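Engineer: Just passing along the structure, written as structure tokens.
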Amino acid sequence: MAKSWSFLDTVECNFRPLVVIELAKGTKEETIEWFTKRIVDKKGDGGAQLLIKPLVTENGHENIYLVGASHLRLLLGAETVGLVKECNDNSMRTFTYSSRKTFKDFADDNHNFLTMAECQYIIKHELENLRAKNEKMIPGYPQAKLYPGKSIVRRLLTSGILIQIFPLHDREELKKLRHSWYGRVKVGYQPLDDIRCYFGETIALYFGFLEYFTFALVPMAVIGIPYYVFAWEDYDKYVMFATFNLLWSTVILEVWKRICAILTYRWGTLLMKRQFEEPRSGFHGVLGINPVTGREEPVYSSLKRQLRIYLVSLPFVCLCLYFSLYVMMIYFDLEQWALDYHKENESNFSSLLLYVPSIIYAVVIEIMNRIYRYAAEFLTSWENHRLESSYQNHLILKVLVFNFLNCFASLFYIAFVLFDMKLLRQSLATLLITSQILNQFAESLLPYWLQKRHNKRMKKRVCSQKTDADMSLVEQVNMEKEMGTYLGTFDDYLELFLQFGYVSLFSCVYPLAAVFAVLNNITEIYSDALKMCRVYKRPFAEPTANIGVWQLAFETMSVISVVTNCMLIGMSPQVDALFPDSKIDLVLTVALVEHLLLAIKFIMAFVIPDKPRDIQMKLAKLEFESLEALKQQQMKLAAESLKE
């Protein structure tokens with residue numbers, strides 16, 4: 001790094017607010033003075049070397065602070081976090097301040113070289129890496145203990161001193177994005193590059209996957225409609241639909257890897273190295289030296305973490321799974337009661353009553369999933385994972401196991417224990433449609449309605465104030481700080497994962513599942529876009545190279561779907577009639593077909609490259625150039641040592 005942190009000027013006349021910090025009312029002055037000093041202190045003194053100023057209103061600054069950074073500070077921060085930008089030769093390279101002139105559109109007076117989302121990500125990174133060194137407590141709050149290596153922001157949050165930190169919206173850019181994204185109903189692709197520039201790669205990649213998955217469902221929906229309407233249940237058509245489902249589920253996931261590589265290479269995140277991943281803000285431990293980077297950071301025993309996982313988290317998950325199965329058996333008791341009532345009192349009311357147990361069970365499933373989610377988050381945080389990626393992987397694993405059993409156990413029980421295909425079709429349709437309606441209402445419609453009511457009250461209150469500060473900025477901060485917080489793409493991917501399960505696991509029984517999934521996803525694109533732009537605070541951008549462990553989750557679901565569809569085919573009357581004398585031959589034949597289909601599936605996954613040829617060549621070229629540069633550097637050092 002050519003420019004040392006000590007030379008960085010922390011005073012800039014054109015202060016651009018990027019991030020808002022809200023402290024609790026009544027926070028002691030010595031605490032505010034200490035915290036703001038740590039924010040503006042130089043990096044060498046353990047500070048973040050950022051700019052900060054209070055938001056002044058008629059009633060004072062109300063403990064709301066605006067954080068920004070000088071242009072030079074942001075450029076040095078971009079190098080620290082390892083941002084990848086496009087060079088003048090159209091290649092993608094990790095940004096370094098010393099080679100800044102080689103990057104496309106860079107100029108010393110061009111403050112738009114880094115997007116606003118990238119600037120906010122850099123500030124978030126620096127704030128989260130403010131760690132205690134010699135402090136034993138937060139000044140003014142003796143009960144809020146600190147120790148070397150503890151995240152200051154994390155301790156302030158858990159102590160209730162710091163209410164929230166969030167990035168500001170750019171209202172002009174947001175208005176343009178809303179218009180091109182969901183401002184008008186149109187048939188076309190989403191503006192993924194614009195979404196990425198505004199919200200970051202993680203959210204843009206989710207919307208890219210949602211769009212791709214919706215298009216990929218169309219062939220299944222087109223084939224499923226005549227299959228359902230004309231009751232194509234003879235053996236040949238049955239096998240044809242199941243085989244198409246196998247090929248479809250494999251091809252779409254492999255093609256997505258290629259599309260994902262194209263997008264993330266263009267955005268620069270495909271080249272970002274894992275070693276830039278810093279310890280997550282919630283990670284705590286004794287301050288030590290990282291043996292890889294040589295930097296000071298908290299150290300925590302992996303043995304303690306493993307004991308927490310296997311002695312506490314695992315038994316808790318097993319207990320929750322048992323409870324889920326217990327609730328499932330209660331559902332079947334209700335189902336039997338409704339069936340008995342219908343047999344005794346055949347009427348329109350009793351016919352409708354047959355669907356009530358499934359609807360109730362679908363609602364209970366959603367409630368249990370949400371309650372378990374909070375418990376899983378608490379346990380995963382308590383396990384104290386060092387990296388955010390590790391934390392997310394363990395959380396996703398916990399939630400997926402429970403949600404899979406909770407949502408699909410009843411369907412497996414109906415299919416392979418009760419052998420009731422009519423009830424399976426009814427239950428699958430009810431669970432799918434009910435869950436989609438509940439998710440749309442809970443995730444988009446209700447928050448939007450509540451936020452719209454709140455915004456009306458907030459506008460009246462803000463407009464009645466008289467202040468010397470910029471009224472638009474005061475109004476914006478006061479409105480945004482009351483908006484809901486977007487908790488990430490976890491729930492959105494989980495919804496798609498469960499939808500993929502409903503479509504692929506029992507597609508032969510209910511081929512209309514893909515039709516309802518397409519209709520739901522079309523509205524999901526618009527409702528999710530609406531909630532990102534109008535309902536929630538702007539989330540911090542998070543660089544990512546892929547959809548992470550969700551790719552493995554979808555691939556695992558596709559493998560399970562091969563097994564379930566083969567078993568359903570083996571249970572069909574047409575196949576059963578082919579083996580009238582020996583059921584063992586039937587089982588062996590179905591197992592053989594299943595193994596052959598799995599072999600075809602894995603061969604297809606191996607044959608289809610994860611990255612397009614041109615991107616493979618670009619990555620290989622960059623790796624070669626890096627090795628050559630390293631070789632020249634070593635030769636230069638060797639020559640200098642010989643001279644000495």
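Engineer: Would you say I225 is at pLDDT 85 or above and β-branched (V, I, T)?
Structural biologist: Values: at pLDDT 85 or above: no; β-branched (V, I, T): yes.
Here the answer is no, as I225 does not meet what is asked.
Engineer: Report every pair of residues separated by at least 6 positions or lying on different chains whose Cβ atoms are under 7 Å apart, first residue within the range 517-546 and more than 18 Å from L192 (Cβ to Cβ) and modelled with pLDDT under 90, second open to solvent by 20 Å² or more (accessible area, probe 1.4 Å) and assigned to a helix (DSSP H, G or I).
Structural biologist: Qualifying pairs under 7 Å: T523/Q440; R534/Y448; V535/P447; V535/Y448.
Engineer: Scan the range 376-395 and tell me whether some residue there is at pLDDT 90 or above and farther than 30 Å from V286 by Cα.
Structural biologist: no
Engineer: Just to check your reading of the model, which residue among E383, E346, E388 is touching a Pro at 6+ places or on another chain (Cβ under 9 Å) and not hydrophobic (A, V, I, L, M, F, W, C)?
Structural biologist: Numbers: E383 fails: touching a Pro at 6+ places or on another chain (Cβ under 9 Å); E346 fails: touching a Pro at 6+ places or on another chain (Cβ under 9 Å).
One residue alone meets the criteria, E388.
Engineer: Which condition number in (1) in contact with a Lys or Arg (Cβ under 6 Å, 6 or more places away or on another chain); (2) buried (at least 18 other Cβ atoms within 10 Å of the Cβ); (3) not charged (D, E, K, R) is the one that M137 fails?
Structural biologist: Among (1) in contact with a Lys or Arg (Cβ under 6 Å, 6 or more places away or on another chain); (2) buried (at least 18 other Cβ atoms within 10 Å of the Cβ); (3) not charged (D, E, K, R), M137 violates only (2).
Engineer: When you scan the range 540-551, how many residues do you find that are open to solvent by 20 Å² or more (accessible area, probe 1.4 Å) and farther than 28 Å from S504 by Cβ?
Structural biologist: Going through the range 540-551 one residue at a time, the tally reaches 3.
Engineer: Show the residue pairs meeting these rules: Cβ distance below 9 Å; 6+ apart or different chains; first residue within the range 199-213 and within 13 Å of T544 (Cα to Cα) and not assigned by the TED database to the domain that holds G268; second residue at pLDDT 95 or above and crowded, with 24+ Cβ neighbours inside 10 Å.
Structural biologist: Close Cβ pairs satisfying both conditions: none exist.
Engineer: Taking the range 419-433 as the region of interest, how many residues are over 17 Å from A514 (Cβ atoms), part of a helix (DSSP H, G or I) and touching a residue at least 40 places away in the same chain (Cβ under 8 Å)?
Structural biologist: Our first condition is that a residue be over 17 Å from A514 (Cβ atoms); within the range 419-433, this holds for 419-423, 426-427.
Restricting the remaining residues to those that are part of a helix (DSSP H, G or I) gives 421-423, 426-427.
Narrowing further to those that are touching a residue at least 40 places away in the same chain (Cβ under 8 Å): 421, 423, 426-427.
Here the count works out to 4.
Engineer: Could you check, for the range 488-503, whether at least one of its residues is surrounded by fewer than 16 Cβ atoms within 10 Å (Cβ to Cβ) and either farther than 20 Å from F209 by Cα or modelled with pLDDT under 85 (or both)?
Structural biologist: So far as the range 488-503 goes, no, none of its residues is surrounded by fewer than 16 Cβ atoms within 10 Å (Cβ to Cβ) and either farther than 20 Å from F209 by Cα or modelled with pLDDT under 85 (or both).
Engineer: I would also like to ask the following. State the number of residues belonging to the range 169-180 that are open to solvent by 90 Å² or more (accessible area, probe 1.4 Å) and either in contact with a Leu (Cβ under 8 Å, 6 or more places away or on another chain) or in contact (Cβ under 8 Å) with a residue 40 or more places away in the chain (or both). Show your work before the answer.
Structural biologist: Taking the range 169-180 first, the residues open to solvent by 90 Å² or more (accessible area, probe 1.4 Å) are 171-172, 175-176, 179.
After this cut, where a residue has to be either in contact with a Leu (Cβ under 8 Å, 6 or more places away or on another chain) or in contact (Cβ under 8 Å) with a residue 40 or more places away in the chain (or both) as well, the list is 171.
Residues in the range 169-180 being open to solvent by 90 Å² or more (accessible area, probe 1.4 Å) and either in contact with a Leu (Cβ under 8 Å, 6 or more places away or on another chain) or in contact (Cβ under 8 Å) with a residue 40 or more places away in the chain (or both): 1 in total.
Engineer: Return the residues of the range 105-128 that are open to solvent by 50 Å² or more (accessible area, probe 1.4 Å) and outside any helix (DSSP H, G or I); say none if nothing qualifies. First the steps, then the outcome.
Structural biologist: Initially, the range 105-128 is screened for residues open to solvent by 50 Å² or more (accessible area, probe 1.4 Å), giving 105, 108-109, 111-112, 128.
Scanning the range 105-128 gives D105, D108, D109, H111, N112.
Engineer: Please indicate, with yes or no, whether at least one residue in the range 552-568 is surrounded by fewer than 21 Cβ atoms within 10 Å (Cβ to Cβ), within 15 Å of S249 (Cα to Cα) and of a type in the set (D, E, K, R).
Structural biologist: yes
Engineer: Pairs needed: first member in the range 124-144, at positive phi; second member anywhere, of a type outside the set (V, I, T) and open to solvent by 10 Å² or more (accessible area, probe 1.4 Å); C-beta distance under 7 Å; at least 6 residues apart or different chains.
Structural biologist: G140/K28; G140/E30
Engineer: Could you go through the range 28-41 and let me know if any residue there is under 28 Å from the mean Cα position of the chain (by Cα) and closer than 23 Å to G160 by Cα.
Structural biologist: Step one: filter the range 28-41 for residues under 28 Å from the mean Cα position of the chain (by Cα), giving none.
No.
Engineer: Every residue in the range 184-202 that is outside any loop (DSSP other than H, G, I, E, B), open to solvent by 10 Å² or more (accessible area, probe 1.4 Å) and aliphatic (A, V, I, L, M), please. Write out each step before concluding.
Structural biologist: First, pick out the residues of the range 184-202 that are outside any loop (DSSP other than H, G, I, E, B): 192-199, 201-202.
Subset that is open to solvent by 10 Å² or more (accessible area, probe 1.4 Å): 192-194, 196-198, 201-202.
Within the range 184-202, L192 is the sole residue that qualifies.
Engineer: On the basis of being in a helix (DSSP H, G or I), under 26 Å from L498 (Cα atoms) and open to solvent by less than 30 Å² (accessible area, probe 1.4 Å), does A362 make the cut? Before you say what the answer is, go through the steps one by one.
Structural biologist: Values: in a helix (DSSP H, G or I): yes; under 26 Å from L498 (Cα atoms): yes; open to solvent by less than 30 Å² (accessible area, probe 1.4 Å): yes.
So A362 passes the test.
Engineer: Now, a different point. Could you list, ordered by first residue, the pairs with Cβ atoms under 8 Å in which the first is in the range 146-168 and basic (K, R) and the second is open to solvent by less than 50 Å² (accessible area, probe 1.4 Å) and outside any strand (DSSP E or B), at least 6 apart or interchain?
Structural biologist: Close Cβ pairs satisfying both conditions: K150/A132; R154/S281; R154/G282; R155/A132; R155/L146.
Engineer: Another question, if that's okay. Working only within the range 606-643, note down all residues that are farther than 20 Å from L263 by Cβ, open to solvent by less than 90 Å² (accessible area, probe 1.4 Å) and not acidic (D, E).
Structural biologist: S626, A629, L630, A638, A639, S641
The values are calculated or read from the model by the stated rules, or taken from the named source; none is laboratory data. Note that this is a predicted model, so its numbers are computed, not measured. Every residue, glycine among them, receives a Cβ derived from its backbone with ideal geometry; neighbour counts consider all protein chains shown. Only protein heavy atoms, including side chains, enter the accessible area calculation; ligands, DNA and RNA are left aside. Shrake-Rupley method; radii C 1.70, N 1.55, O 1.52, S 1.80 Å.
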